[in-house]
Amino acid sequence: QVQLVESGGKLVQTGASLRLSCAASGRTFSNYAAAWYRQAPGTERLIVAAINWSGTDTYYSDSVQGRFAISRDNAEKRVYLQMNSLKPEDTAVYYCAVGDAALITGWGYPSYWGQGTQVTVSS
C-alpha cells in the first residue's frame, strides 16, 4: 500500500515556474515507477510525465516536453515536477501516481493515486 499527498499547486502568471511535490508513505515506494497526470475541467485525465523506479528513465507528453522535469528522491520518498514557462493551457488539477514499469511508456495505468493539487495559470 502506498499513500500519496501532493503539494505546491497555486495560482501563477503565464511564464512563471512552479514545483510540485508528492510525498509518499509505504515501504515499497522505491519499487514503483511514478508519474504526474493532470485533468482540466471537462477533460480526461492525461499523463504529463513519468519516471522509472531508479530515476534513470523518464517520459514526457509532447505538450510539456522541454518545459517540465520530473525527478524523485527515494530516500525521502518524494516525487517532484518542476514546471517552467507555464501557459494558461497548463491549468489543471495535477495528480501524483505510482505503478509498474509500464508507466514509463506513457500508457500504463497507476496502482495508486494522490488527491491532486490545483495549478492555475493566468494569462
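The values are calculated or read from the model by the stated rules, or taken from the named source; none is laboratory data. Since this is a predicted model, take the numbers as computed values, not measurements. Cβ atoms come from the backbone with ideal geometry, glycine included; neighbour counts cover every protein chain shown. With ligands, DNA and RNA removed, areas are computed over all heavy atoms of the protein, side chains included. Shrake-Rupley method; radii C 1.70, N 1.55, O 1.52, S 1.80 Å.
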Within the stretch 86-100, track down each residue that is among the small types (Gly, Ala, Ser) and either more than 12 Å from the chain's Cα centre (by Cα) or modelled with pLDDT under 95 (or both).
99
Select, from 38, 78, 27, the only residue that is open to solvent by 10 Å² or more (accessible area, probe 1.4 Å) and in contact with a Cys (Cβ under 8 Å, 6 or more places away or on another chain).
78
Looking only at the stretch 41-54, how many residues end up being assigned to a strand (DSSP E or B) and open to solvent by less than 50 Å² (accessible area, probe 1.4 Å)?
5
Taking the stretch 65-104 and the residues there that are part of a loop (DSSP other than H, G, I, E, B) and in contact with a helix residue (DSSP H, G or I) (Cβ under 8 Å, 6 or more places away or on another chain), the one that is nearest to residue 22 (Cα to Cα) would be 77
Taking the stretch 81-123, which residues are open to solvent by less than 50 Å² (accessible area, probe 1.4 Å), without any contact (Cβ under 8 Å) to a residue 60 or more places away in the chain and polar (S, T, N, Q)?
91
